[in-house]
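Please treat every number below as a calculation from the coordinates, not as lab data. These figures come from a predicted structure and were not determined experimentally. Every residue, glycine among them, receives a Cβ derived from its backbone with ideal geometry; neighbour counts consider all protein chains shown.
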Amino acid sequence: MTFITKPKFHHPKLPTNRLGYTRRDYEGAVSTLCAGCGHDSISAAIIQACFELDLAPHRIAKLSGIGCSSKTPTYFLGASHGFNSVHGRMPSVLTGANLANRDLIYLGVSGDGDSASIGLGQFAHSIRRGVDMLYIVENNGVYGLTKGQFSATADKGSLSKRGAANHDEPIDLASMALLLGASFVARSFSGDKEQLVPLIQAAIRHKGAAFIDCISPCVAFNNHPGSTKSFDFVREHNEAVNRLDVMVDHAPIAAQYGPGELVEVTQHDGTVLRLRKLDADYDPRDRGAAISYLQQQAAKGEVVTGLLYVDPESADLHDALSTVATPLNSLDDAALVPGAKALDKVNASLR
Ligand SMILES: Cc1ncc(C[n+]2csc(CCOP(=O)(O)OP(=O)(O)O)c2C)c(N)n1
Ligand code: SF4
Ligand SMILES: [Mg+2]
């Protein structure tokens, strides 16, 4: 993969976070994506979210598949662990890494082709198993990297750049994630950083499978009239159900939002999600209602965004499997080779 390294110098007065890092310390190589690609805005949102959460870059592992979206981990968190896997196979690689070392923060970055087309099975199983991760799909409705074929998230009737209509029903990944049992589900838009940054922060602090479907227009192949994944279409049909402030242990990361009823949800690690309701009837703690709301609004051509669902009592795959708390590479010989007596005991318990 080609990339251009960014010069490391920066202004000595750049603000630092509680770890002493500047925002620049969370950047990666210079992006080689098309100018204006939505994916670059998502990279910028991830950089801001991690800087503000005071995360040590070496504590994060970013994994991806293949596609323009899957290239983006090269452009953020240059000092973090990274693994660029095979098309559609990121979820199983992430699951394996997470099982081997639960001490890292896992960030899965994928595209709509990568997750809804070739990787649909992998997406589904990582979500239903409750792998502790933020899984983000940079959803542009096309295979950008291979020059604009419809992906499985393209809306029925949506037009390609050359005017051909898509005849297939779309897969709505947010609805699927809800059906599959994800304990955190959100949808956002690459052009709305105010909404996206706190959603990323809340998802990172969430325990279990957190999924964000982020509409991210492809300016080269899917930003024309007739596309339902263009900047203009999403701006005109964006219906945000709530706005979010994330309060971590030390101080609130506050955003400026208009009036509305406030709801507070405390997550497993003490993070408080302060939600300002924009739709008075929407309750993000009701999975069934979220699923039907998404379907109703999709039928009207609306793109519902915001925190769609959160389970504050969430559990993850390690809880289900009762795995050892220590990362496997830190276990000593006594733990790894407990001896014949321990083996006999295990065998006896299985008879
Ligand atoms: C096994 C396999 N099949 C097909 C391809 C070709 N291929 C590369 S990227 C891609 C689609 C990428 O689309 P998406 O995941 O939506 O990412 P985008 O480029 O739109 O961000 C395809 C079909 C491949 N690399 N490997
Ligand atoms: S082809 Fe589309 S998805 Fe790929 S970099 Fe260009 S604008 Fe982005
Ligand atoms: Mg795509």
### Message
Using a 7 Å offset from the Cα along the Cα-to-Cβ direction at both Arg162 and Arg89, what is the distance between the two label points in nm, to one decimal?
### Response
3.1 nm
### Task
Please report the orientation-averaged projected area of the stretch 265-351, defined via the convex hull of its C-alpha atoms, in nm².
10.3 nm²
### Task
Pairs of lysines 8 or more apart, or on different chains, with alpha carbons under 27 Å: count those in the stretch 23-322, would you?
27
### Task
Select from Leu328, Leu308, Leu107 the residue whose mean-square fluctuation is largest in a Gaussian network model of the chain (Cα-Cα springs shorter than 10 Å).
Leu328
### Derived scalar couplings ³J(HN,Hα) [the stretch 334-351; Karplus, 6.51 cos²θ - 1.76 cosθ + 1.60; whole Hz; x for Gly, Pro]
4, 6, 7, 10, x, x, 4, 5, 5, 5, 4, 5, 4, 4, 4, 5, 9, 6
### Summary
Taking GluC sites (Glu not before Pro) in a DSSP loop with at most 15 other Cβ atoms within 10 angstrom as exposed, one finds the longest site-free stretch of the chain at 1-260
## Note on the structure
Whole-number value, in Å³ per residue, for the convex hull of the alpha carbons of the stretch 1-107 is 102 Å³
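Below 8 Å, C-alpha to C-alpha, sequence gap of six or more: please give me the relative contact order for the chain in percent.
In percent, rounded to a whole number, it is 15.
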### Message
Explain nothing, just the number: relative contact order of the stretch 49-102, from Cα pairs under 8 Å at least 6 residues apart, as a whole percent.
### Response
36 percent
### Task
Can you tell me the dipole magnitude for the chain around its Cα centre, using point charges on the Cβ only (Lys, Arg +1; Asp, Glu -1), in Debye to the nearest 20?
880 debye
### Percent breakdown of C-alpha pair distances by 5 Å bin, ordered from the shortest bin, for the stretch 197-345
2, 8, 13, 15, 15, 12, 10, 7, 6, 5, 3, 3, 2, 0, 0
### Query
At a Förster distance of 45 Å, what's the computed FRET efficiency of Glu169 paired with Glu261, Cβ-Cβ distance as r, to 0.05?
0.80
### Task
Taking H placed 1.01 Å from N in the peptide plane, check which residues at least 5 places from Leu77 or on another chain put their amide H under 5 Å from its amide H.
Glu27, Gly28
#### Entry: Choice from Gly28, Gly20, Gly121 with maximal GNM fluctuation in the chain (Cα, 10 Å cutoff)
Gly20
### Task
In whole Hz, with x marking every Gly and Pro, tabulate ³J(HN,Hα) for the stretch 77-89 from phi via Karplus 6.51 cos²θ - 1.76 cosθ + 1.60, θ = phi - 60°.
6, x, 9, 9, 6, x, 9, 9, 8, 8, 3, x, 10
### Task
Return the sequence-ordered ³J(HN,Hα) values of the stretch 122-134 in whole Hz as given by the Karplus equation 6.51 cos²θ - 1.76 cosθ + 1.60 applied to θ = phi - 60°, using x for Gly and Pro.
5, 4, 4, 6, 5, 6, 5, 7, x, 4, 6, 6, 9
### Query
For Tyr309, which sequence-distant residues (separation of 5 or more, or a different chain) have an amide H within less than 5 Å of its own amide H, given hydrogens modelled in the peptide plane?
Val185
### Summary
One point scatterer per Cα, no solvent, Debye formula: log10 I(q)/I(0) for the chain at q = 0.08 Å⁻¹ comes out as -0.39
### Query
Which residue, Asp249, Asp232, Asp132, tops the fluctuation ranking in a GNM of the chain built on C-alpha contacts under 10 Å?
Asp249
### Summary
quick note, the chain, DSSP beta bridge pairs, % antiparallel (nearest 5) is 45 percent
### Message
Eigenvalues of the Cα gyration tensor times 5, then square-rooted: what semi-axes does that give for the stretch 117-191, in whole angstrom, largest first?
### Response
25, 12, 12
